[in-house]
Structure formats: structure tokens, C-alpha cells
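Read the figures in this text as sums done on the coordinates, not as results from a lab. These numbers were taken from a predicted model, which means no experiment stands behind them. A quick note on method: Cβ atoms are made from the backbone with ideal geometry, for glycine too, and the neighbour counts reach across all protein chains shown.
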Amino acid sequence: MGYHSVVCVKQVPDTSNISGEAMKPDGTVNRAALAAIFNPEDLHALEAALDIRDAYGGTVTVLSMGPLGAAEVLRECLYRGADRAVLVTDRRAAASDTLATSYILAQAVRKLKDYDFVFCGRQAIDGDTAQVGPQMAEKLGIAQVTYFEKLVELDGRTVRVRRNVGNGWEILEGRLPLLLTVLDTANEPRPASARRVMQRKRSRAVDELRKEIAAAMPGASEDERENAFADGVEKLKMAGQLIEQWNLDDIAADLQWCGLAGSPTKVHRVQSIVLTKEGFTEVPPTEDAIRTMIHELIVDHTLG
Amino acid sequence: MISPNRKGEVWVFAEQEDGRINDVTLELCGKARELADTLCVKMGAVLPGWNVRELSYRLIAHGADRVYVTHDTELEYYRTLPYARVLCEMITRHEPQIVIYGATPIGRDLAPRVASEMKAGLTADCTDLEIGEYEDKKNKTVHKNLLLQIRPAFGGNIIATIINYDRWPQMATVREGVMRMGAGDPSRSGEIIEESVEFSDFEKSIRVVERHREARKVNLKAARTIVAGGGGVGSKDNFQLIHDLAGAIGGAVGASRAAVDGGFIDKTHQVGQTGTTVRPALYIACGISGAVQHRAGMEESAKIIAINWDKEAPIFSVAHYGIVGDLNKIVPMMIKAIKERA
Ligand SMILES: Cc1cc2nc3c(=O)[nH]c(=O)nc-3n(C[C@H](O)[C@H](O)[C@H](O)COP(=O)(O)OP(=O)(O)OC[C@H]3O[C@@H](n4cnc5c(N)ncnc54)[C@H](O)[C@@H]3O)c2cc1C
């Protein structure tokens, strides 16, 4: 029987490589100019789930909320060993803050029904909030363990895990289902396997297929395209290559808790970091000048 | 969720472990006191724990008018669910308008759980909090006296101001070390209010089997002077220069991430967004470019000396003294100059 895990993964702009071109003249970030990457800590969340499946059996389902492009990170999960992939995508989910996001993801997990573990990365590099995991756990009415580093013991419905809190660690015992947020020190994510890439590279979400057909049949009539699309969906299903695509209705989301309406926090103002050139005392690199500087610092009680 | 309550108090979650109040809590008390004074309301602290009543006096000394103590064996060690129950109960009973938490492993675990149950907003890792107004142009309304929650976003490349005008309390976590800790006034008086809370079996279901804490080996936050080395130091061997200068002025050793990644020094010494935030009397940056993630952790230092051979390095934009040149020559000159004075 084994354990069923759901792993939440996010596609994020690569904030670690922001260059001048990525800033718009008004000081806001031009997301389009940034590479979209797999949120680094989510890879460790995926690995933790795959580890459990490999050791005890069961399944790993990956779940992402985002624009259609996020299907890319789901495919990456399939290449690394995930069994099933679900993309929640809906314009009405745009502008969701962490609370609305956690509501939507929790609704999707509910729809998946039987789950023992929910894994999230500790935090995403575009916001660094670390809030979505704990908020999802609350919405699902299950316990959470953040800063997960190691599975110590798993016996039936009882699990012991170690969490690392920076200035120490602790081992907690709880009962499944449980939500865990995973640190990057927890494991070494496995790479995509060549065999799985071959198997799963044709996996598509329905809207991706629709786009591909529109691009491939520019002169065709609406009907012809629809037929090709229906055919394509059938083929993907048969081959087990369909990335399930859900909208807010599919997960029975109450719109008052989604998107802008469901988000208590609002962005009031955004400023880019501009270097303030206030000027400083330039000290020439000579012994005399440095002696004078040290003297000044002693006189004003900064030193000594 | 509670609705906006203009008479509500300003609260701090009082984080304690093993009978010790975390420094960030006292830093936050100072800030909360300021916010409460601006709003002309009382400032409160919520203190869950076991045998923690005595700690109330420190919270009062640092500005609390009221301390809500929940004393229960279930609260001996921090666990998400019982602590979240206490916070949610207190918020429901007393309807504060603002609740702030330290952005520590505890605060960052607890606050989102509470925010979700209360269906309230939460902003993570704020570096500043102010009271201000927000004009909602679409609905032509002005929301006065809101908590402006200021934080770096997008990997530190932008600063965002976040507000929450309808689903209260307004909540935020604040990074350690960014607010100044006051000296505390033991003669201040305040009220201690004992509150009892019931826990469900589910809330008690997680058990702490083993627990281990290390004393912080490197106490950068408490250091009056910090000498920090970066990628420009070049090697672990050469990092001895940084240790030597720190030794000469009696300061602590800090580092940029490039120095940590290069293996020159342990990660516990890292200053910056993903390291420690410091505000010493003097910060000496040697061979550090001054990337925004680094500056975020040190730019509040009272005095900054930057040593870098690239005169365009961004570190100079926050420096008070700038020395353009090779650190391998300049650092020994500084050591010599200091030794001469002693
Ligand atoms: C999400 C995220 C979080 C981060 N968090 C942090 C953080 O907490 N702390 C942090 O520090 N960084 C952090 N960084 C990394 C940060 O972006 C920079 O890469 C890092 O600070 C660079 O360190 P550095 O300036 O020491 O090294 P470098 O970029 O290598 O710069 C070295 C500098 O030394 C100068 N130099 C070289 N040789 C000499 C010499 N002989 N004499 C004088 N000057 C010399 C050079 O001119 C250069 O300016 C983070 C990055 C990301 C994406």
C-alpha cells in the first residue's frame, strides 16, 4: 500500500541573477526579463517524497499553481520520478497573496483526497515568506512541521521527523497526515533520468496542447482544430501523458477567498533599490591617512 | 478575522525558550511601544509558556502596558498548534489592531498558522514598520493610521510597502536585529493578566521526543565592532588578516556570502539577508562588493569603513570612510595604526 504524498512546487523568477535589464525604468521588476526556474527548495521537497515512495511504496503527486508556463516545472518533476502532475491555473487566481494561494492549493489537495504527506519547500525565492506551507496545513486541518531535515522513523500512521531550527534541532512525533516544509540540507535531489525524460517529455497540460495545435494548423477551421484537439487529449490520456489542468471551479474554490478579493495584504508601494550616493570621506591608502582615520574614530568613541 | 478596531492594542508575541526571552522580542517591544504611542493605544505582549510569569516584568520594562500570560504544561516547549491556539484565542478575546512576531524559526512557523486561522493578513520579514495612510483611489476612500509593513522583496532587489486595511489584525514578522533594543526601564509598571486556554487532542498531538539547543557560537549581533571579509580576501589562509584586524580592535569577525561559499569561514559569520543583520558601532568591510543582499544586513551600522580596490563598488554607497586600494596592503596598515595607539 505505501504512502501517498503531494508535493507543492512553484516556478519562480530567478531572483538571484537580477541584472540591470530586469529593472524597468519606473523601478519595478520586469518579470518577463528573468529566467523562470524551479524554486530551489521545492526540489528538496520532491526528493523527500520520492525517498518515502522508494522505501515504502505509494505515489508522489506534484501540484503547482501558476500560469500555463508552470507546466514546465511539473514536467521536470515527472522526469525526476513523480507519478502524477496537476496544474492549477486560472486568471481569477492572479494577485493572490500567501493566504489566498494557500486556500487554493489546499482546495486542490482536498480534491486529491487520499494523502498522507504534503511536502513544500521551506520558502520560495521570489517572496521568501515561508508562509504558504503552514497556512495550507491550517486550511487542511492537519499538523505541520517546518524546517524538516530528516525522516527518523515511519511506522504505520506514526512518524518521527527531525527539524533544524538553526540554533539546534528537535525530533517531533506526530500522526499522519502531516504537512512538512523541507530545508535544502535535507537531501540531495536526484537528477532527471534519461529514461524518464524519454517517457514523459511529451506530457502536456490541455492548454499547452491547444496552443500547439493552433500553431501547427494555422489555416485550419475552428472545427478542424477542435477535432485535432479532442484527438490529442485522447492520445495523451491513453499514453498517461496528460498533465491534469484544474481551474478554480474544478477545485470548488469559493471566489471570495481567491485572487485579489481573497488577499488581505495589498501592495501599497514598491521602490527599487537605488544606491544613495551620499558621499563618504575618501581615505587615501597611506599610513598617515589611515592613522588619522583611526584617531578620528577613537576621538568620537567609535573605537576604544 | 476581526474587523478594523481602532481602539485595539498593539501586540508583540513574546517568544521565550528555556525561561529566556528572545532578544528580538525586546527589540519589537520598543517598536510596538512607538506604534502604540502614535495610535494612542495600549501596548500588550502575549506570553505563552510554562512558569513564565516572571518574564512579564522584562516585557513591561521594555514598554508593555499589559502582558497576557498563559501558563500551561502543554506550552513548556514551543509547538505550533498549542501556541497557535493561544494566539488565536487572545486575538479573538481582545481584538488587537496589530500583532508583530520575530521572524525567527518560531515566529515564522507560528504567525502564518495564526494568520490562516484568523483569515488575516501577514507580511513576512519586515525591516521597518510605520503608521501611515493609504488612499484607495478606486473606492475614493482614505484609510488612516494603518500599519505600513516594509520589506525587501524579489531577492532584495525591491522594497515593498504592504498594507492590510480590512481583515485585521494587521500582522507582520520582523527580522532579528533590525529594530534597536532599548535599555528597558525596570520602574515602569504594567498589568499582568492570566489567561487560560483549552487545547483539543488534535492540538496536543505532536510530541517533542528530543530537543537540542546550541548556544550561539558567534554573537555578531552583540558585537560593537565587526570586521568583515568578502570574496576579495581570496583564500582561507588570507582570511587570517581579517581575524588579525578584528583581534587588534577587539571586534567580531563577519563575512559576505562569497567568503562563506569560498570556504574562508563558517556560515555562522555571514552578514546579510540570509545571514545575520547587524548594527554595530563600527563595521569594516574588506574586499566586499556590497551586493544588496549584503548591505541589507549591515547598512544600519553607525559607522562603516569600506576597503575595496574598485572605486565603483556599491559598498562605497553606504560607507562613511572609503579606502580605495588593495586590502592586503591596507589591512596591515590599519593593524599597525591601532597597535601604535594602544
Ligand atoms: C537570495 C540571496 C541571498 C543572499 N544573501 C546574502 C547574504 O546574506 N550575505 C551576503 O553577503 N551575500 C548574500 N548574497 C550574495 C550576494 O548577492 C553577493 O553575491 C555576495 O555578497 C558577494 O560577496 P562579495 O562582495 O564578498 O564577493 P564578490 O562579489 O566576489 O566581490 C569581491 C569584492 O572584493 C573586491 N576586491 C577583490 N580583491 C581585492 C583586494 N585585493 N583588495 C580590495 N578589494 C578587493 C572586488 O573589487 C569586489 O568588489 C545573497 C544572494 C542571493 C541571491
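Quick notes on this one:
- Under Karplus coefficients 6.51, -1.76 and 1.60, residue-wise ³J(HN,Hα) of the range B:181-191 in Hz, glycine/proline x: 8, x, 6, x, 10, x, 8, 5, 10, x, 9
- Within a Gaussian network of chain B (alpha carbon springs, distance under 10 Å), most fluctuating of B:GLY290, B:GLY263, B:GLY182: B:GLY263
- Each label was represented as a point 7 Å from its Cα along the Cα-to-Cβ direction; for B:ASP237 and B:GLU135 these points are 6.4 nm apart.
- Per-residue HN-Hα couplings for the range B:95-106 [Karplus 6.51, -1.76, 1.60; θ = phi - 60°; Hz; x = Gly/Pro]: 6, x, 8, 9, 10, 10, 10, x, 7, 9, x, 6
- Counting Cβ atoms of other protein chains within 10 Å of each Cβ in A:187-200 and taking the mean gives 0.
- Calculated [222 nm] ellipticity per residue, helices only, for chain A: -10000 deg cm²/dmol; basis is -39500 (n - 2.57) per DSSP H run with n ≥ 4, divided by all residues, nearest 500.
- Distance between the 7 Å Cα→Cβ label points at A:ARG269 and A:ASP83: 5.2 nm.
- Residues in the range B:253-288 that a label on B:LYS336 would reach, taking backbone N under 17 Å of a point 7 Å out along Cα→Cβ: none
- Under 5 Å from the amide H of A:GLU282 lie the amide H atoms of B:GLY322, each residue being 5 or more positions distant or on a separate chain, with H modelled from the backbone and absent for Pro and chain starts.
- Cut-off under 5 Å, modelled amide H: who pairs with A:ASP90 long-range: A:GLY66
- B:ASN51 paired with B:ARG224, simple spin-label distance in nm, labels 7 Å along Cα-to-beta-carbon: 3.6
- Point-charge dipole on Cβ atoms (K/R +1, D/E -1) for the protein assembly as shown, about Cα centre, debye to 20: 220
- At R0 = 30 Å, FRET efficiency that the Cβ-Cβ distance of A:LEU176 and A:ALA252 yields, to 0.05: 0.80
- Label point at B:HIS71 placed 7 Å out along Cα→Cβ; residues across the range B:163-195 whose backbone nitrogen lies under 16 Å: B:191-195
- The slack in the chain from A:GLU153 to A:ASP14, taken as 0.36 nm per residue of separation less the alpha-carbon distance, amounts to 46.5 nm.
- Difference of contour (0.36 nm per residue) and Cα-Cα distance, A:ALA220 to A:GLN199: 4.6 nm
- Distance histogram in 20 Å bins (all Cα pairs of chain B, percent per bin): 29, 50, 21, 1
- Residue by residue along B:117-130, Cβ atoms of other protein chains within 10 Å of the local Cβ number 4 on average.
- Full extension of the chain segment joining A:ALA239 with A:ALA55 gains 63.6 nm, where the gain is 0.36 nm per residue of separation less the Cα-Cα distance.
- Cα centroid separation, the range A:204-252 to the range B:1-42 (Å): 53
- If R0 is 56 Å, the Cβ-Cβ spacing of B:SER3 and B:ASP261 corresponds to a FRET efficiency of close to 0.70.
- MRE, 222 nm, helices only [DSSP H, n ≥ 4, -39500 (n - 2.57), over chain B, to nearest 500]: -7500 deg cm²/dmol
- Derived scalar couplings ³J(HN,Hα) [the range A:61-69; Karplus, 6.51 cos²θ - 1.76 cosθ + 1.60; whole Hz; x for Gly, Pro]: 10, 9, 9, 9, 10, x, x, 3, x
- Within the range B:249-284: backbone nitrogen closer than 18 Å to the B:TRP309 label point (7 Å, Cα to C-beta): B:259
- Close amide H pairs (under 5 Å, H built 1.01 Å from N) link A:THR146 with A:THR181, residues at least 5 positions away or on another chain.
- Å³ per residue enclosed by the Cα convex hull of the range B:220-341: 86
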